[in-house]
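What follows is a single structure, written as structure tokens, with notes after it.
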Amino acid sequence: QVHLVESGGGLVQAGESLKLSCAASGFAFDYYSIGWFRQAPGKEYEGVSCSASSDDSTWYADSVKGRFTISREHAKDTVSLQMNSLEPEDTAVYYCAALVSPPLCAPSRVLVYSEGDYASWGQGTQVTVSA
């Protein structure tokens, strides 16, 4: 059974940092590209970043580029999202997802939420950034 669990969310002030983790179990982690999405209240899911399984290449949304860093620890079956210089606009529930088709994550491809593209979807972790 494919299973993902996010952790590391919390309440911080603008300018501070958080590190989210996505721990995987029950599947061949190295096969899947892993994406991070977020959903702010009243808004659609937004692709934030992803790590490609083929070569660990990465993609970032323009809104987080230069502030967020995604990294994959193969030995621990974990993908982390280091978030620096947080802004109130980053407030959302953050989810990690295993992409059923690894090429869905590529440096030149925008990660867009599409139902059915995921082998697993975590329960989410809340990130709240106060002004």
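The values are calculated or read from the model by the stated rules, or taken from the named source; none is laboratory data. Predicted model only: the values in this text are computed from it and were never measured. Positions of Cβ are generated from backbone atoms using ideal geometry, with glycine treated the same way; all protein chains shown enter the neighbour counts. SASA here: full protein model, heavy atoms, side chains in, ligands and nucleic acids out. Shrake-Rupley method; radii C 1.70, N 1.55, O 1.52, S 1.80 Å.
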*asked:* Give me the one-decimal nm value for the distance between modelled label points at Ser114 and Gln13, 7 Å along each residue's Cα-to-Cβ direction.
replied: 4.3 nm
*Mean Cβ neighbour count within 10 Å, used as a protection proxy, ranking 31-42, 7-18 highest first*: 31-42, 7-18
*Amide H contacts of Gly124 (H built 1.01 Å from N, under 5 Å, at least 5 apart or other chain)*: Glu6, Cys96
*Per-q log10 I(q)/I(0), the chain, q = 0.11, 0.13, 0.19, 0.22 Å⁻¹ (Debye; single scatterer per alpha-carbon; no solvent)*: -0.33, -0.46, -1.01, -1.36
_Need the full-extension length gain, Gln123 to Asp56, defined as separation in residues times 0.36 nm minus the C-alpha distance. One decimal, nm._
21.7 nm
*asked:* Quick query: amide H of His3 versus all other amide H atoms, modeled in the peptide plane; which residues come in under 5 Å with a sequence gap of 5 or more or a different chain?
replied: Ser25, Phe27
*Based on Cβ point charges of +1 for Lys and Arg and -1 for Asp and Glu, what charge dipole magnitude is obtained for the chain about its Cα centre, in debye rounded to the nearest 20?*
100 debye
*Within segment 105-131, which residues have the backbone N less than 14 Å from the label spot 7 Å out from Val2 along Cα→beta-carbon, could you tell me?*
105, 114-123
*Given the protein chains as shown and a 1.4 Å probe, how many square angstrom of Glu89 are accessible, to the nearest 10?*
130 Å²
*Select from Ser71, Tyr95, Tyr113 the residue farthest towards the positive end of the dipole of segment 66-124; place +1 on Cβ of Lys and Arg, -1 on Cβ of Asp and Glu, and compute about the Cα centre.*
Ser71
*How big is the C-alpha Rg of segment 1-58 next to the rule-of-thumb value 2.2 N^0.38 Å, as a ratio?*
1.32
*Taking amide H positions as placed in the peptide plane 1.01 Å from N, state which residues far from Phe68 in sequence (5 or more) or on other chains have amide H under 5 Å from it.*
Asn84
